[in-house]
Amino acid sequence: MTSPLIGRRTLLAGVAAASTLCATATATARARTPNADDAAATASSRTPASLTYKGVNFDTDREVWRTEYVRREIAAVKDQLHGNAVLLLGHRLDRLAEAASIAAAHGLFVWLEPRQFDQDAEQTLAFLASVARAAESLRSQYPRVGLSIGTELTIFMSGLVPGKDYEERGQALGRPESAGYQERLNAFLGQAVGTVRPLFHGPVTYGSGDWEQVDWHGFDVVGANLYRNGDNMTSYTRALRALQRHGKPVVITEFGCCTFTGAGEQGGLGFTAVDWEREPPPGQGRLRARRARAGRRGRGAAGPLRGRARGRGVRLQLHRARLPVFAAALPRPRHRQLRTRQDVSVRNAARLRRNRAVDTQAVLPRGGRPVPLTHPLVL
């Protein structure tokens, strides 16, 4: 990885992540805004296994940005994947605003999330304020708009934990020099919420890492990145239900795994199977170890959540679902010039979903390599 931004984008592309909006099993506390009230009321009326919101993360930090591509992919989310929500992330305000307008016009619930990595607190707050203004402008026309003020800022923002980039900060989390980072995080989150409240009047959340102890009092929705892996397979349900203790709607902002055999054991770290530091031929990554391509095993991102919802008092609403992308399966990944490290676009993945036995060679662009997956999507 040549830069922290590219590294994080590879991380996001390597993990099939999704989010679910959960209502509390008992009474849901009143949220700050009408939007959050509506979300909680809708959630409480569902059966435990109900998946009310479905959608995808839409990364606007792509090499080629064309309005017709964005329109085509957003349309695929709604019409082919049958999604009704999208979370837009990125570091360029113009792209976030354009994609948000297109998504809202398609009737999708739109979450915006600024992603500026390795910036300090002042820079982060300044960009957050600009995104909040854009979100409120959109909300004046389309009421179903939410704002996530960031994700895992202890490692992705500078100043909370020692380190020059997110990799160094992640390694430093358990070291003595990082002591007090929970307090520093919550102090910053308080500043962030205080910054956006006068500018944006819709629901506000944050994508917290499982090591972060967030004070959720100032938020409308609890957000958590909760990956199931080999260490928490038996405790995953308890962790999910524990998020309800705050008395607010809960959004699981990230979960899932890659699609090679054994990726489920690695959870959110499955992307490390590809070594982007080595010097393979141009356009290729190199596997750190031999990985078998997965078929049915690769589709289990949402299944465990759905299964654990039934009969356990956990009400789940799938709010957003990342598409499985097969960075480990394709050493020469391509898809229609949209991203260099994904092999299947949203539109083509929808075609795969409609016919799970489809020959993927017919879907990939010229020069792409087939991935014989029988169940590529969980939506």
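Each value in this text was obtained by applying a stated rule to the coordinates, not by laboratory testing. A quick note: this is a predicted structure, and the numbers were derived from the prediction, not measured. Methodologically, a virtual Cβ is constructed for each residue, glycine included, from the backbone with ideal geometry; neighbour enumeration extends over all protein chains shown.
Cβ crowding within 10 Å ranks Val204, Val161 as Val161, Val204, fewest other Cβ atoms first.
Summing charges over neighbours of Asn186, with a neighbour being any other residue whose Cβ is under 12 Å away from its Cβ, gives -2 when K and R count +1 and D and E count -1.
With R₀ fixed at 22 Å, the C-beta to C-beta distance from Ala179 to His91 puts the FRET efficiency at about 0.15. Cross-link partners for Lys54 among the lysines, with Cα-Cα distance under 16 Å and sequence neighbours closer than 8 places in the same chain left out: Lys78. Potential lengthening of the chain between His82 and Ser137 amounts to 17.2 nm, from the contour at 0.36 nm per residue minus the alpha-carbon distance. Counting only aspartates and glutamates at least 8 places from Lys164 when in the same chain, those with an alpha carbon closer than 19 Å to its own are Asp118, Asp120, Glu122, Glu152, Glu177, Glu277. Distance between the modelled labels on Asp120 and Asn229, one decimal in nanometres: 3.2 nm (7 Å Cα→Cβ projection). As a proxy for reagent exposure, ranking Ser235, Ser158 by other Cβ atoms within 10 Å from fewest up yields Ser235, Ser158. Among Glu265, Glu63, Glu152, a tally of other beta-carbon atoms within 10 Å of each Cβ gives an order, fewest to most, of Glu63, Glu265, Glu152.
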